[in-house]
Each structure stands twice: as structure tokens, then as C-alpha cells.
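Some notes on the structure that comes next.
Each value in this text was obtained by applying a stated rule to the coordinates, not by laboratory testing. Here the structure is a predicted model, which means the values were calculated and not measured. Please note: Cβ atoms are built from the backbone with ideal geometry, for glycine as well, and neighbour counts cover all protein chains shown.
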Amino acid sequence: MSQVAVEQHHHEMSAEEKARSIDNQKFAMWLFIASETVIFSTMIVAYIVFRIQEPEIVKGVHEALGLSGILLVTFNSFLLLTSSWAMVMGLREIQRGNRAGMIRWFWLVAGLGVAFLAIQYYEYVQMASKGITLYHDPSSEFAGFGMRFYAPTAFHGAHVFAGVLWCLLVMRRASKGVYDKNSVGVEIFGLYWHYVDIVWVLLFTLIYLI
Amino acid sequence: MADDNKKPTSEEQENAVTDDELKQIAGDVSPPDEYPEGQADALEEALEEASDDGELTAVEEGVTSALRATEEAQDTAPVQAFDSAVSGIQSAIESIPGAPEEPQDAHAQPHLSDTTVLFGREFPYSIYTMVFFALGALTIIEVLMAELLASVEIIKIPLLLSIATAKSALVVIFYMHLNHDSRVFAVTFLVPVGIALLSVLFLLGIPAN
Amino acid sequence: MATASYPMDGVAGQVKRPALAEYFTWSIDHKIIGVQYIVTSLFFFIIAGALAMLIRWELMTPEITVMADGSQYNTLFSIHGTMMIFTWIVPFWAGLGNYLIPLMLGAKDMAFPWLNAFAFWLLPPSGFLLILGFFIGPAEAGWTSYPPLSTIYSPDGQTLWALSIHLVGLSSILGAINFIVTIKNMRPPSMGWFQMPLFAWATLATSIIVVLATPFLAGALTLLLLDRVAGTTFFDATSGGDVLLWQNIFWFYSHPAVYIMILPGFGVLSEVLAIHSRKPIFGYRMIALSSMAIAIVGFTVWAHHMFTSLQPELRIPFMITSMIIAVPTGIKIFGWLGTIWGGRIRLNSANLFSLGFLSLFVIGGISGVMLAAVPVNIHMHDTYFVVSHFHFVLYGGSVFAIYSALYHWWPKITGRMLDERLGKIHFVTTYIGFLGTFMPQHIVGMQGMPRRVAVYDPQFQDLNVLISLFSFLLGISTFFLLYNMVVSTVAGRVAGANPWRALTLEWQTTSPPPAYNFAGEPVPFEDPYGYGTDASKAYLDAMESRFGPSPGAEEERRPPSGALPEPQPAGD
């Protein structure tokens, strides 16, 4: 058996094999994403249970937000989706060997991330003024919604913040030519950023639309 | 620290085996495929010899007959089915590909092209941009549905959930490259999703308090 | 310490140890990090063990005599349990894995050395956060920390407790990612999945559980922290929260976590029993795959910890899955019995602890199946029977495996042998102390003595005094090991590269291994447990010609006077 393995190792890898092979860093990132999924699920389940048990409160929150509130969040979702698109376009540039092009796209990624956080902050202020608080306030008509809303969204926001910092780091390293030969470093940041995007896609639908 | 390591002297090196010889020795063996047979008979014989009167005690009887039963069970259908199932799992695990030897050469991959062929038509955008259009359109449909069907929850909720799932799937498949990356990544991603879904469904199923 | 290594004629396998200072700095060498983990976890083991001694001292009398009040007693068992689990057993396995996995796989280091060091340096702060709790009123809610005990009734130390567990959790997730990638990708080309040492399989299964289960705990702890510091009421039933949510999420993590604590021990046993019985492991495939089966089934049994708080319809399904999970463990037990069957068993300390594990773990496993039966569970819930059960699997299981691993791999890590006579004294005192401490707890438990109380019915006092006396013996027995380790480090017998004549790759280099682990490409023996064949003898002799003879176990190999001649010609 060992003889076969040795031969396999030495023959030239075909393009197919190369594509299917498992890079250390990418594999580690996927494993990290796996554990992130589980953490987010605990917070999301706390929200879903509340949504099922207290549908009237959630409906009240949606009415209090109004159409303008929903549209603002929709716009915010667009910002994240766009940043994901900018991310892959940037990755494409570096894989084609165009360092400057990648950095241009990544400025868009970081900028959109910051804009997302700014709008989320504005939205939090709006919600707080309507009496939706993180702590339990029995006198509020939205009692119990606040904590189940802020916990997952703020946790997600923290991920976006970390992503923006990481993006700046990747840009700095890219400008030094770190990724010219091997773009895996950019790709694993991309995996993280898209994953954060997916979480938002789910949170957006679950919290604001349903 | 490396300097501290005592280098073998030239004399020792002469005595030592070379790498090629070692490979010969190390690769010259393969683990036996089957468990040895006839153990029960051998044991019984040895025990009879060891005992004073040539009779086996009850415990020794029990052990030998259990061993004999195990040996006979090896040839029965359920055991063989189990064995081939385990062999199937083994070869599935062994077929998992290894690490790349050199950084991936990503050039000339379809997702880097400037055009996309979809349903037989060619679009002047890359696949990434096409997916972005789809994501935008799905988001708009989602918000419209949420407003239009606000009162019909029985349709609205499954519909919105499936649109959200479709959006996530688009991102995972195209932006996170699961369409042409290793399937191991897909498993790594889907198993925790499955476990999380199980736990979510469980917690939804039991009444609180 | 570096000066302790004096050259011996004909011992090429002897190299200097790393300087002592290296262990106190940020190092990315997996061997340094492994030792850092092991020593740190031993430190916390001693502290947590001292807490256990205090618990037993208090329980000598049915009234509160040693502690000031009941809540002080609560802090004892809470911190004892937490420390033993999160800062002793879990990090010890991380440390042993760190040291051994790259060596066993013939790699130069782990896949991500920097991440490895980072994961370790999260551990000391987390342990000290637990200790810090003693200055502001430590956690009182037990290691399970059910609300509302942990939210309303526990002092500020509970917040530190949650932060501390968060750090350990992050540390073990990062470590596990590192292990999975290393095991998957860093093997030499001639070592397939099913030529890996079984310890690597066990570590792989453990790491998969850590990656998938520990985040549940992280999520629950985040919500608990919010409840404690931000005024939320996730777990407060009086304000729209759900107390069972904590129990469910906690056991989503913590039942798989008991396999995190025992699976590496299974791996150690597979190594030690095969090597010291000089026989191929029985059923390699089944032992390897049953680890994976445990990892999968382990996710479906959590609610058996909650039989008394769960609604009744769900009890039977969880009873069934809990009994099913005993099957893969049973497969392993029979595999090990098949391994030692007819072997040429060396009764040295390493193997004695492994055999001790076999005897004690079976008792703990069977009392586990008893507890999985709902009617028994309702009766025994929260009694000393439960305490006895999990000490049989965690002490009689995990800790015996840890001791076995220490005796077995100590020569590789330090280049010196541990003293065999002290080791045997250690084993005998530990075994007797253990049985005397935890066997009678079955009885007091079945008679109805509840756990986690300082004041109990006087009818249990006789047995409790007996338990306490034996537990002091158990406490003292640990010092034989510590003394042995110190003496061996300073003046132990030189071990040589391969004192046990083992076939796995970590022994096919010097002791301790050089910074780069192997000179040149390591050549693994194709069948890692193929003892007793001519091929394995040739391989071991070839290796001996490379690294010189190993004087460490000479006494082992010399047949005892008056002994029968060797039964097998190709003995090794």
C-alpha cells in the first residue's frame, strides 16, 4: 500500500487534483467557520423561540420600525452584499496578478463595511429611542425583544468590525507583494467575509421580515 | 539548540542503515487482513496440557467455547455485511485528497473569465457579477413578499426562509468557491449546519419552562 | 537544566534538553508548547486536588465544621470541578497531543505554530481568573452553573468563571483546528489514514468534537455573561426567559465534552497496551472508527443529564441513544483485551496504569449505563452514585490514562527514565486510594446521600469518614509521581532513543527530539502495531543502529532470573 502512495505523491498533479486538494489555511478557515456557525445558532435559536412564543411583540416592533426602517435595513443589507461582490472581484484581480486592482476593490470592501456599521449604529439609536433596550425593561411594550435582537446583531457587528480590520491588514500586506505568488491569504479573508455576509442574510430575513 | 545535538560520527554512520535500506524494511510488511483462525483449538490444547487432570474448569470451558463461537460467527452473513460496510467507510476515508504540493495555480480557471455562459447564452459579465445581480434581485423580491404577504404567514415564512437559504447557497457555492474546491470543505461547512439545525429544532419542539 | 545531560559512550540517542528559560517565553516549537501545557495543567491539578482534600475534610463530620458556611463549601466543589475539567484534563490532552502528534506523523511541527502558541497562552490567564475569584467571592453554582444559581445567587466570581471558561473554550477550539489540519495534511506520503497511530485517530475525533461542540458553550456563556452584567433575562423565567435553555445548550456541549476528556485516553491505551504487550493491536480499524462513532453519537445523548427536568416523552429516546453509545466504547475494551491476550506483558508503571484504567473504566462505564436507565436515574439523580460514576470515568479513566501517558512518554520528552519502584508505589497507592474513595460512594449514593451538600444525615458518617481517609491516601499518592518527576529530571537514568522498542515514529528519533524533530525524512514502519514479526525486529534493529542502543529499559529486556525462556523467537 505504501508503494502506491509514494508513486501517487511523485507523479505530476493534474489540474483536477490540484483544484480538489486541501490547503492548510483554507481548511483551517472552514473549520473556524464551522464553529462560528454553532455559536451563531445559539443566539439565533434564542430569537426564534421568542418569535414563536411572542409573535405580537415582534409584529409591534416591525410596525414601530415602519417601512422606512425596513428600507434602511434593506439598504444596509445591500451594502454587505455589494462588499461581498467587491471582495471576490478583488480576489479575481490578485489571482490574475493585478495587485493595484485588488487594492482598489478592497478599499470598497472596507468602506462598505464601515458604512454598514455606521448605519447599524444609527439604527440602534433609533431603536433605543423607541424603548427597545438590551436590559429587561418590564414596562416597555417590547419587553424581551431587545436582548434577543441586540445579542445576535451586535455579535455579527463585531465580526464585521474585525473583518474591516483584517481587510486593512490584507491590503497592507498586498501592497508589499505578499500575495503575488500565492493568494491563499486573500482567499481565507474572503471566506470569512462571505460567511459574515451569509449570517447577515439569515439575520435580516429572520428578524426584520418574518 | 540544534547545535547541541550530537551528530553521529563517521564510524557510526558506516554502521547505520541507509534510507533506502530502511524504506525496504519498513515497507516490506502489510498488516494481516484477517484475524488468525484456530485460536480456540490452540487454547483448548494448551489449557488441557497445563491442567493436572487434563480436564478444563468451568471458566476455561466458557472462554474456549466463546472463542469458538466468535470464530464461527466470522463466516456468517451479518458479520460479513458489517465488515464490508466498515471497509467501505475505510476506502471512503482513504480517498480524501491530500495537501497541495505547491500554491494553487489559479489562472485559467473558469471563474476568472470575463464572460459567463448561462442557459446557452453568453453574458458580458463574470460569474461573480452575475451572482451579485441574482442576490440583489432576490433581496428585492424578499422585501416585496414580506410587505405584500404580511398577513399570510403560512406562505410568507416558508417562502422567505427558502429565499434566504437560496441567497446563502449562492454565496457559499460561488463566492466561497465550493463549486470547484474540495468536497471536504463542503462537509466541514454542512455538518455544523446540520448539528445547529438539529439543536434549533429540538429547542423549538420543547415548550419553554 | 541543560547541564544535566552528560554524554555516555555509545549513546548517540542522547541530546541536550532545551534551556529552562525557553519554557517561560513565547515559543512556537510544538515540543516546548506541549511541555508548557503539561506543566501548567499539572499546576492546576494540584490546586484543584487540594480543594478536593478540603471537601473531604469537611465531609468527615455531618455538620459544617471546617468551612465558615454552606456557601463557602459550594465554592469548593464548584472550583474543584471546573479546574479539574477545564484546566487539567482538557489542557493536558492538548499538551500531550501537541508534543506527540507531529512526532507521530513525522512532521517538523504543527500546521500553524503561531496559532498553537497563542492557544496555549490563553490557558494560564483563564486558570488565574478562576483563582482570582477567591478574592471577590468565587463561583458557587457548581461546574454546570445552572441558572438561577449562576445568575442571581452567585457572587461576582461567577462572572470571572464565565470569562475563564470562554478563554479555555477559545484555546481548545484553536488547538483543535490545528490538530485536524495537522493530522489531515502533514503525514509522510507512505502513511495513509489507516497507518496512523491510534493516538492520532483519538486526537482527530476529539478535535472534531471540540470544533463542533465547544461553540455551544461559548454561545451559552455569552448569554450568561449578558444576564449577569447587562441586565438581560435570557435564563430568568420570571422575566420571559427560559431556564431550561441553559441546561440544553450546556449539555449540547458538555456531553460531547466528556468524550473530549476520555477519547485521548483511549488513544493512549491503544499505544501503551500494544507496545507493552508486544503484540499487534487487536482490531485496529474498529478501534479507529469507533472513536469517530463516539464523536458522532455523542451529539445525540445530551438530555440524559436532564431526565428530571425534561418532559417525560423525551426520556425514552435519550435513554436508548445513551445506551447505544456504550457500544463503541465496548468495542474498544474488547479490542484492548484482545491485544493483551497472549501477549508478553511488561508490568511496568506505564502499563500498570493502563491495565488499571481497563479495570476501573469498565466499572465507571457500567454505572453509566445504569444511570442511563430512566427509573434508576430518577432514583439516583444528584446523589453520590453520580459523583462516583463520573469519578470512575474521569479519574479512573482519564487521569489513569494521563499517568500512563506520563510514564510512557516521559523518557521521550526528557530523555530520562522515571524510577520504576516509585512508579509502582505510586500505582498501588493510587489504585487503593481510588477504590477506597469512590467505591463506597456507590453505596452512600444508593442509600440516598445527595451530592453538593456539606450537612448530611449522620447515618452516612461512618462511610464518609472511610471515604475521606482513603481520599487522603489518594492525595498523598500524587506526590510520589511529582517527586519521581523531579528526581528523574535531575538525575534519572538516561533513556536513549527507544527504550520500549516501539514502532511508532515518535520513538524513531533522539530523546528528547531535536528542534527539527527528525534528521532527514522519517521512514514510518508500515504497520504501526506490527510487533512480534521479523520485519518489525529488523526495523527496530535498523533504528537502533542509527540512534544507538537505548539503555533506559535494559532491566526490562533482561529476562528475570529463573524465568522461562522467551516464548517467541522473534520476540520484538
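Rounded to the nearest 10 degrees, the angle from helix C:90-104 to the longest Cα principal axis of chain C is 20 degrees. Could you state the angle between the C-alpha long axis of helix C:461-491 and the longest principal axis of the C-alpha atoms of chain C, as a value from 0 to 90 degrees rounded to the nearest 10? Once rounded, the angle reads 30 degrees.
Tell me the net charge near A:S129. Cut-off is 15 Å between Cβ atoms, A:S129 excluded, with +1 for each Lys or Arg and -1 for each Asp or Glu. Here the charged neighbours net out to -2. The C-alpha atoms of chain C define a longest principal axis, and helix C:326-340 lies at about 30 degrees to it. Net charge in the neighbourhood of C:G445 (other residues with Cβ under 12 Å of its Cβ; Lys, Arg +1, Asp, Glu -1) is 0.
Take the range A:22-209, drop everything but the C-alpha atoms, weight them equally and run the Debye formula without solvent; then report log10 I(q)/I(0) at 0.09 Å⁻¹ to two decimals. Log10 of I(q)/I(0), two decimals: -0.38.
Magnitude of the charge dipole for the protein assembly as shown, about its Cα centre and with charges confined to Cβ atoms of Lys, Arg (+1) and Asp, Glu (-1), is about 3080 debye.
Modelled spin-label separation between C:V376 and C:V66, with each label point placed 7 Å from Cα along the Cα-to-Cβ direction: 3.1 nm. Annotation: amide H of C:R416 within the under-5 Å range of C:A495, sequence separation 5 or more or interchain, hydrogens built in the peptide plane. From a point 7 Å beyond the Cα of B:V86 in the direction of its Cβ, which residues of the range C:321-365 have a backbone N at a distance under 18 Å? Flagged as within label range: C:325-341. Neighbour counting of Cβ atoms within 10 Å sorts the residues A:E187, C:E271, C:E420, B:E153, fewest neighbours leading, into B:E153, C:E420, A:E187, C:E271. Each residue of the range C:512-526 is assigned a 3J(HN,Hα), and the resulting list reads x, x, x, 4, 9, 6, 10, 7, x, 6, x, 10, x, 6, 4 Hz, derived from the Karplus form 6.51 cos²θ - 1.76 cosθ + 1.60 (θ = phi - 60°), x at Gly and Pro.
Scanning residues 5 or more positions from C:D236 or on other chains, those with amide H under 5 Å from its amide H are C:G241, C:D242, with H placed 1.01 Å from N in the peptide plane.
Full extension of the chain segment joining C:M439 with C:D156 gains 98.3 nm, where the gain is 0.36 nm per residue of separation less the Cα-Cα distance. Averaged over the residues of peptide B:125-137, the number of Cβ atoms from other protein chains lying within 10 Å of each residue's Cβ is 3.
Pairs over the 20 Å Cα-Cα cut-off, from the set C:K16/C:K424; B:K23/C:K279; A:K130/B:K167; C:K31/C:K412: C:K16/C:K424; B:K23/C:K279; A:K130/B:K167. Distance from the Cα centroid of the range C:133-162 to that of the range B:73-91 is 51 Å (rounded to whole angstrom). At R0 = 30 Å, how high is the FRET efficiency between C:T533 and C:F43 if r is their beta carbon distance? Nearest 0.05 is fine. That pair, C:T533 with C:F43, gives E of 0.10. Amide H contacts under 5 Å for C:T383: C:R451, restricted to partners 5 or more places along the chain or on a different chain, H placed in the peptide plane at 1.01 Å from N.
Based on Cα contacts under 8 Å between residues 6+ apart, chain A shows a relative contact order of 28 percent. Inter-part distance, the range A:146-206 to the range C:357-416, computed on C-alpha centroids, equals 43 Å. Rounded, prolate or oblate for the range C:319-467? Axes are the square roots of the Cα gyration tensor eigenvalues, ordered a ≥ b ≥ c, and the cut-off for rounded is a/c under 1.5. Oblate shape, in that a/c is at least 1.5 and b/c is the bigger or equal ratio. Fully extending the segment from C:L337 to C:R452, taken as 0.36 nm per residue of separation minus the present Cα-Cα distance, adds 37.7 nm. Separation of the range C:418-432 and the range A:93-128, taken as the distance between their Cα centroids, equals 63 angstrom.
Distance distribution note for the protein assembly as shown: the fraction of Cα pairs above 43 angstrom is 40%.
Calculated FRET efficiency, C:R344 and C:F128, Cβ-Cβ r, R0 45 Å, to nearest 0.05? Here the calculated transfer efficiency is 0.45.
What the phi angles of the range A:92-99 give under the Karplus curve with 6.51, -1.76 and 1.60, with θ = phi - 60°, is a coupling list of 4, 4, 5, 6, 7, x, 9, 5 Hz, glycine and proline written as x.
For the range B:149-189, backbone nitrogen atoms closer than 14 Å to the point 7 Å from B:S95 Cα along Cα-to-C-beta are found at B:183-184. Modelled this way, with points 7 Å down the Cα-to-C-beta line, the labels at A:R172 and B:L204 are 4.4 nm from one another. Springs join every pair of Cα atoms under 10 Å in this Gaussian network model of chain A, and among A:I52, A:I39, A:I132 the largest mean-square fluctuation is at A:I52.
Within the same chain, lysines fewer than 8 places from A:K176 are excluded, and of the rest, those with a Cα less than 28 Å from its Cα are A:K18, A:K26. Taking 7 Å steps out from each Cα toward its Cβ at A:S68 and C:W57 produces label points 6.9 nm apart. Would any residue of the range A:59-96 have its amide N under 11 Å from a label point 7 Å out along Cα→Cβ of B:L144? List them or say none. No residue qualifies, since no backbone N sits under 11 Å from the label point.
Note on B:D114 and B:A66: the extension gain reaches 10.3 nm, defined as 0.36 nm multiplied by sequence separation minus the Cα-Cα distance.
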